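Working notes for the structure below.
The values are calculated or read from the model by the stated rules, or taken from the named source; none is laboratory data. In this text, all values refer to a predicted model and were calculated from it rather than measured experimentally. Neighbour counts are summed over all protein chains in view; Cβ atoms, including those assigned to glycine, are modelled from backbone coordinates with ideal geometry. For accessibility, only protein heavy atoms count, side chains too; no ligands or nucleic acids. Shrake-Rupley method; radii C 1.70, N 1.55, O 1.52, S 1.80 Å.
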Amino acid sequence: MAYCYNNLSVCYQYYKKLDSATYYSNKALPLFFASGQEDEIAWTYDVMASIYWEKHQIDSAIKYCRKCIDIAFKRKLPDQIRSCSYNMYLSQNIKGFYKDALRFYITSDSVLDSLVNAGNRIALAKSQMQYDYNKKEEKIKLESAVNDIKH
């Protein structure tokens, strides 16, 4: 149910029905706490922070970003670190805390670079595996053709 509630929250946020989005995030959070799912708690905090950001409730957005970031760093969740660091950058910038804003922007940007680099490494590994597979297939076909000629 918690996943459903959080997904509903994201959908309502997309359609700018922010009160409904808040309602469903608040329903998801205690269920994730009850099951001890810290990764999903961080995700819910991330969703809540972005909802409050859109509602222009900057202090609440900061509160949930901090909670998300605490868990995300502990659990090594790069998507939540990046997302909440970026929201913190925007929030700190609005509040006039430019030094903190820059620090959060740098964190967000470096995590994004890491995610992009990881994606590139995965794509490269997939390409290499496909190349190796194709070479083996060609070798098998060639050996089969040689055997056919011999017979």
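Placing R0 at 35 angstrom, the Cβ-Cβ distance between MET129 and LYS99 gives a FRET efficiency of 0.15 after rounding to 0.05. In the complete set of protein chains, residue-level accessible area for THR22 is approximately 20 Å², probe 1.4 angstrom.
When LYS95, LYS76, LYS17 are compared by accessible surface with a 1.4 Å probe, the order from highest to lowest is LYS76, LYS17, LYS95.
Cross-link pairs exceeding 19 Å in C-alpha to C-alpha distance, out of LYS63/LYS95; LYS74/LYS99; LYS55/LYS95; LYS55/LYS99, comprise LYS74/LYS99; LYS55/LYS99. In this structure, the pairs whose alpha-carbon distance is over 29 Å, taken from LYS16/LYS67; LYS27/LYS76; LYS76/LYS126; LYS76/LYS135, are LYS76/LYS135.
Accessible area of the range 1-86 with a 1.4 Å probe: how many percent of it is carbon plus sulfur? Taking all protein chains in place, the range 1-86 shows 54 percent carbon and sulfur surface.
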